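Everything below concerns the one structure shown next.
The values are calculated or read from the model by the stated rules, or taken from the named source; none is laboratory data. These numbers come from a predicted model, not from an experiment. Every residue, glycine among them, receives a Cβ derived from its backbone with ideal geometry; neighbour counts consider all protein chains shown.
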Ligand SMILES: *Cc1c(COP(=O)(O)O)cnc(C)c1O
């Protein structure tokens, strides 16, 4: 097989592999993979799923696709025969960062699972020319540059299909690009991405700023442009409608080609609406069905039977509502339909909280989704419960049968087989290859919890992964880290609810303790990875405080023997794949009730990290599975938090003034050392936020966090065998968090697709 691949690549390069440049080999490999993928395409019979999402954070594709096609080892062998290295070639691939974080990454994991499980399910999204911005640190601050990922060869294949889409009365042509999604020993589905031919990168001014009024040139230029001003918010509606209108036309066309007469659309198509960004697909489909001669009332029923909605957050600011005049301006053709849908709701219920158009003329996208789809799901057990009990209680009363939970998952192909090949090989050695497609088989590892040889091996694998991360950090950022130290990692988007600031306060506390001669049980390396939305001021301040503290510590020889802070620049899927296998302690410290699920927590667990976390999102389900002895739980419960918000009696200043440890840590932000290394404006503003507001209740969890984290450090240092045993239990219990399980549940309860 390796011989054959060698010949094939030589042919594709047009020269001996030995003589080919890595760029040429990359292009040849891409070609080879695309040809192989196409062979796995399967004609669809029965219902087909369309997963519509504004984001697909797919990550690099080369190695993942090679693994899924069963070609990885042979390609590696063929290349090495020619003196080439697959990982050097992989470096040349630009990561398609077509998502912000967890929500987009979930969509990518789902596509992998659908194809692996041989289910007919395509993605529908946008082909952004620049993915999530590139993050640099300079002068202790985040700076942002455009992420051009389409320069050179890329994985999207241009088609001749174009769909007309009318925006603000003007017609645009949405061109379809296809990206092959190949499952692990499975079929090939498609990620359908729409784009305009007229996009022009020259409208980008400085950094990631651009002329937001030039729709023709900028519509798909950026993932989620800054929406802190009106033009940015309008552009978002333009993007959303381009996606759903072209997507809806494509769905109808495909179904018609398979014999659908549109009255029976729901037998041919299932549409999953990933958060509210694609919600306009509901009125758009009703509009298109109307053009095909279907009466409004019937169209509403057809669309309701076809669509299902996933809710991803209870953060009020993230539940999209649009001022009506925005929609009047951009999509006037939808407004009469949205009004008629709102009228149906008003006939049905006197509960004004559930209306689509409220008394201030704002349009609530989630409300439209819940009324006019047949399923609403949350993404972890606790999250779904909170939706039913509080956030969406009025809807739950109307439609208890529509509500269901689908706890998120991750694909084990990328997050184990690809990113942690040494661990995957050891697991296969112990329990055979079945776990790759049947994740529950990981439980067979439980028979090794008392096996010293296995525990030693796991310990060595973790050490190797820590060395690999240390090498990578050195090459990429010029930072030296000690792989014998304990690696604690908090990597995820920067947001106050995720509470990087709590971690920051711990690190200041630790700094003081070391200065006072109370050295920790183990040296620690605290590693962060996080991008902050450009308009999110306090998030920038938290980054600045961490970078500044990192500098203060590095310059203090006494303290830096014991602790180090590393902030990985430009956290993305590629970085996550390096960081997660090297983690000892996974920091999942969001304010209970705020993290809908989290999926980072699952990736770390699967790679043998122990979790330090609150009882939030899927942490609750992780704790249930591993048992409280194999996870470090701390902090307020979601009920306590929700009560505190309801009572409105949380006063950060009282905690600050009443607790000397808290005061000492917060005051340090504006200490002489910090001001000498950083910027007063940022540090003082953060201090002010923490003492004056602290909306995400950092301070009430401060002491409990210190106690639990100190305990974890102690356990790690004093009993490595017990630590590794817990790590093994975490791996063995991770099977539930495979996205294959999640997809099987969606299919059984919502989609009902045929293989
Ligand atoms: C998994 C992942 C996330 C989501 O992390 P959470 O901890 O669940 O917020 C965000 N970004 C990247 C690059 C990821 O791989």
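Residue 76 versus (1) away from the ligand (no atom under 16 Å from the Cβ); (2) more than 24 Å from residue 599 (Cα to Cα); (3) in a loop (DSSP other than H, G, I, E, B): which is the lone unmet condition?
The failed condition is (3).
Would you mind stating whether residue 196 is crowded, with 18+ Cβ neighbours inside 10 Å, under 30 Å from residue 754 (Cβ atoms) and at pLDDT 95 or above? Explain how you work it out, then say what you get.
On the way: crowded, with 18+ Cβ neighbours inside 10 Å: yes; under 30 Å from residue 754 (Cβ atoms): no; at pLDDT 95 or above: yes.
Judged against the criteria, residue 196 is not a match.
How many residues does region 90-111 contain that are crowded, with 24+ Cβ neighbours inside 10 Å and either more than 20 Å from residue 312 (Cα to Cα) or more than 15 Å from the ligand (Cβ to nearest atom) (or both)?
Here the count works out to 1.
Say we look at region 571-602 and pick out the residues that are more than 10 Å from the ligand (Cβ to nearest atom) and in contact with a strand residue (DSSP E or B) (Cβ under 7 Å, 6 or more places away or on another chain); which of these is nearest to residue 644 (Cα to Cα)?
Going through region 571-602, the residues more than 10 Å from the ligand (Cβ to nearest atom) turn out to be 578, 581-585, 589, 591-594.
Retained after the next criterion (residues that are in contact with a strand residue (DSSP E or B) (Cβ under 7 Å, 6 or more places away or on another chain)): 582-585, 589.
Working: 582: 37, 583: 34, 584: 33, 585: 29, 589: 18 Å.
Looking at the filtered set, the residue picked out is 589.
Is region 380-390 home to any residue that is surrounded by fewer than 17 Cβ atoms within 10 Å (Cβ to Cβ), in contact (Cβ under 8 Å) with a residue 12 or more places away in the chain, within 16 Å of residue 743 (Cβ to Cβ) and more than 16 Å from the ligand (Cβ to nearest atom)?
no
Mind telling me which of the residues 118, 136 ends up being in contact (Cβ under 8 Å) with a residue 60 or more places away in the chain, more than 16 Å from the chain's Cα centre (by Cα) and assigned to a strand (DSSP E or B)? Give the steps one after another, and end with the answer.
Details: 118 fails: assigned to a strand (DSSP E or B).
Answer to the selection: 136.
Which of the residues spanning region 301-325 are part of a helix (DSSP H, G or I), modelled with pLDDT of 95 or more and out of contact with any helix residue (DSSP H, G or I) (no Cβ under 6 Å at 6 or more places or on another chain)? Walk me through it before giving the result.
Our first condition is that a residue be part of a helix (DSSP H, G or I); within region 301-325, this holds for 301-306, 316-318, 324-325.
When the remaining residues are screened for being modelled with pLDDT of 95 or more, the result is 301-306, 324-325.
Those that are part of a helix (DSSP H, G or I), modelled with pLDDT of 95 or more and out of contact with any helix residue (DSSP H, G or I) (no Cβ under 6 Å at 6 or more places or on another chain): 301, 304, 324, 325.
Starting from residues that are over 21 Å from residue 723 (Cα atoms) and surrounded by 17 or more Cβ atoms within 10 Å (Cβ to Cβ), keep the ones in region 430-453 and report whichever is farthest from the chain's Cα centre (by Cα). Steps first, answer last, please.
Initially, region 430-453 is screened for residues over 21 Å from residue 723 (Cα atoms), giving 431-441.
Applying the additional criterion that residues be surrounded by 17 or more Cβ atoms within 10 Å (Cβ to Cβ) yields 431, 435-437, 439, 441.
Numbers: 431: 30, 435: 23, 436: 22, 437: 22, 439: 21, 441: 26 Å.
Checking each candidate, the answer is 431.
When region 603-615 is examined, which residues are found to be within 11 Å of the ligand (Cβ to nearest atom) and closer than 21 Å to residue 104 by Cβ?
Once the filter is applied, which keeps residues that are within 11 Å of the ligand (Cβ to nearest atom) and closer than 21 Å to residue 104 by Cβ, region 603-615 yields 603, 604.
So the check is Cβ under 8 Å with 6+ separation or different chains; which pairs have a first residue in region 1-14 that's free of Cβ contacts under 8 Å to residues at least 40 places away in the same chain and a second one that's surrounded by fewer than 12 Cβ atoms within 10 Å (Cβ to Cβ)?
10/16
Which of the residues belonging to region 457-469 are touching a helix residue (DSSP H, G or I) at 6+ places or on another chain (Cβ under 8 Å) and either within 16 Å of the ligand (Cβ to nearest atom) or over 30 Å from residue 596 (Cβ atoms) (or both)?
Of region 457-469, the ones touching a helix residue (DSSP H, G or I) at 6+ places or on another chain (Cβ under 8 Å) are 457-459, 461-462, 464-466, 468-469.
Correct list: 457, 458, 459, 461, 464, 466, 468, 469.
Quick grid of which residues meet (1) assigned to a helix (DSSP H, G or I); (2) at pLDDT below 95; (3) within 25 Å of residue 391 (Cβ to Cβ); (4) touching a helix residue (DSSP H, G or I) at 6+ places or on another chain (Cβ under 9 Å):
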{"site": "650", "(1), (2), (3), (4)": "no, no, yes, yes"}
{"site": "662", "(1), (2), (3), (4)": "yes, no, no, yes"}
{"site": "666", "(1), (2), (3), (4)": "yes, no, no, yes"}
{"site": "670", "(1), (2), (3), (4)": "no, no, no, yes"}
{"site": "681", "(1), (2), (3), (4)": "yes, no, no, yes"}
{"site": "690", "(1), (2), (3), (4)": "yes, no, no, yes"}
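All but one of (1) more than 16 Å from the ligand (Cβ to nearest atom); (2) free of Cβ contacts under 8 Å to residues at least 40 places away in the same chain; (3) at negative phi hold for residue 549; which doesn't?
(2)
Among (1) more than 16 Å from the ligand (Cβ to nearest atom); (2) more than 28 Å from residue 719 (Cβ to Cβ); (3) modelled with pLDDT of 95 or more; (4) part of a loop (DSSP other than H, G, I, E, B), where does residue 498 come up short?
Just one mismatch for residue 498, condition (1).
Quick one: which residue in 352, 343, 318 is under 23 Å from residue 235 (Cα atoms), free of Cβ contacts under 8 Å to residues at least 60 places away in the same chain and surrounded by fewer than 16 Cβ atoms within 10 Å (Cβ to Cβ)?
On the way: 352 fails: under 23 Å from residue 235 (Cα atoms); 343 fails: under 23 Å from residue 235 (Cα atoms).
Only one candidate qualifies: 318.
Search region 162-217 for residues being in a helix (DSSP H, G or I) and farther than 18 Å from residue 331 by Cα, and hand back the single one that is nearest to the chain's Cα centre (by Cα).
Here is the first cut: in region 162-217, the ones in a helix (DSSP H, G or I) are 201-203, 215-217.
From the residues that got through so far, the ones that are farther than 18 Å from residue 331 by Cα too are 201-203, 217.
Values: 201: 26, 202: 30, 203: 29, 217: 28 Å.
Going through the qualifying residues, I end up with 201.
Please identify the pairs in which a residue from region 483-495 that is under 22 Å from residue 459 (Cα atoms) and free of Cβ contacts under 8 Å to residues at least 24 places away in the same chain has its Cβ atom under 9 Å from the Cβ atom of a residue that is assigned to a loop (DSSP other than H, G, I, E, B) and within 8 Å of the ligand (Cβ to nearest atom), counting only partners at least 6 apart or on another chain.
none
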